[in-house]
Amino acid sequence: MKRRELGDSACPIDRSLFEVGDTWTLQILRDAMHGVTRFTDFSKNIGLATNVLTARLQKLVAVGIFEIRESGLGNSHEYVLTEKGRDFHTVLAALRQWGQKHLFDDDEPMNRVIDARTGQQPEPLTLTAADGRELTADDMLLVRSRAADPIESAVPIDTPRRREARASRPRRPA
């Protein structure tokens, strides 16, 4: 079976996975968020074969997540996050919070992040509606529009949740 090309999908999750959707890439991005910029440091921290690390870093440069800058240490260079790369911070924070909640027993050691200014853990990430309600997966419907169009012009996509929502609406008298 031929693998579907995710980079051309209309789904933002598919396209995101196409660019960053493997364990090694996520570990590279995690380390970059904490200041790692040099090939040797990524290699040492992650323990990844150099050919695999090279390929992942080249792809991250090609898709605009990293840019290469000359190092102040002489004949080497550094991989520096671009704005696009830095914007991935929230995705990693969501993965971290999900993992903290669901993947550790109480007595296991766990890496955590804290606010450098206050020393406190960040508040959990949530999706919030315009009226302030916290949104869950059950509150979401999938729609489609051109990226530049206002959301009001979006067309609903037929999904099981949409069919369920339509079926639960009271019917208008004829």
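The values are calculated or read from the model by the stated rules, or taken from the named source; none is laboratory data. Remember, predicted model here, so these are calculated numbers, not experimental data. Counting neighbours? That spans all protein chains shown, and the Cβs are built from the backbone with ideal geometry, glycine included. Only protein heavy atoms, including side chains, enter the accessible area calculation; ligands, DNA and RNA are left aside. Shrake-Rupley method; radii C 1.70, N 1.55, O 1.52, S 1.80 Å.
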* Any aspartates and glutamates with Cα under 18 Å of the K44 Cα? List them, leaving off those in the same chain fewer than 8 positions away. => D31, E78
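Just how large is the dipole of the chain about the Cα centre, in debye to the nearest 20, putting +1 at every Lys and Arg Cβ and -1 at every Asp and Glu Cβ? Don't jump to the answer; show the numbers that get you there.
Numbers: 26 positive and 26 negative charges, 158 e Å.
Dipole of the chain, to the nearest 20 debye: 760 debye.
Can you quote the Å³ per residue value for the convex hull of the Cα atoms in the range 103-174, rounded to an integer? Don't skip to the answer; put the middle values down first.
Values: hull volume 16.7 nm³, N = 72.
Per residue, the Cα convex hull of the range 103-174 comes to 231 Å³.
What does the accessible area per residue of the chain come to in Å², with a 1.4 Å probe and no ligands, DNA or RNA counted? Show your work: numbers first, answer last.
Working: 13570 Å² over 174 residues.
Normalised by residue count, the accessible surface of the chain is 78 Å².
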* Asked: How many nm is it between the label spots at I157 and H89, if each spot is 7 Å from the Cα in line with the beta carbon?
  -> 2.9 nm
* To do: Identify the residues of the range 118-158 with backbone N under 16 Å of a label point that sits 7 angstrom from the Cα of A10 along the Cα-to-Cβ direction, or state none.
  => 141-158
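Enter the per residue convex hull volume of the range 1-75, computed from alpha-carbon coordinates, in Å³ rounded to the nearest integer.
Value for the range 1-75: 116 Å³ per residue.
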* Among 130-138, 35-43, 70-78, how do they line up from the highest to the lowest mean number of other beta-carbon atoms within 10 Å? -> 35-43, 70-78, 130-138
* Two decimals is fine: what is log10 I(q)/I(0) at q = 0.09 Å⁻¹ for the chain, from a Debye sum with one equal scatterer on every Cα and no solvent? => -0.48
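Are there any chymotrypsin sites (Phe, Trp or Tyr not before Pro) in the range 65-174 that are in a DSSP loop and have at most 13 other Cβ atoms within 10 Å? List them by number.
On the way: sites: F66, Y79, F88, W98, F104; in loops: F88, F104.
Passing both the DSSP loop test and the Cβ count: F104.
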* Asked: Modelled label-to-label distance, V63 and D138, 7 Å Cα→beta-carbon offset: nm?
  -> 3.3 nm
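At a 1.4 Å probe radius, carbon and sulfur cover how many percent of the accessible area of the chain? All intermediate terms of the calculation are to be shown ahead of the outcome.
Working: 7110 of 13570 Å².
The computed percentage sits at 52.
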* So what's the back-of-envelope 222 nm ellipticity for the chain, counting only DSSP H runs of four-plus at -39500 (n - 2.57) apiece and dividing by all residues, rounded to 500? -> -11500 deg cm²/dmol
* Can you give the net charge of the other residues whose Cβ lies under 9 Å from the Cβ of F18, counting K and R as +1 and D and E as -1? -> -3
* GNM top mover of R112, R163, R15 - the chain, alpha-carbon springs below 10 Å -> R163
* Structure fact -> Ranked by GNM mean-square fluctuation in the chain (Cα springs under 10 Å), the top entry among L26, L103, L17 is L103
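In the neighborhood of D41, defined by Cβ-to-Cβ distances under 15 Å, what is the net charge if each Lys or Arg adds +1 and each Asp or Glu adds -1?
Numbers: positive: R30, R38, K44, R56, R69; negative: D31, E78.
Computed value for this residue: +3.
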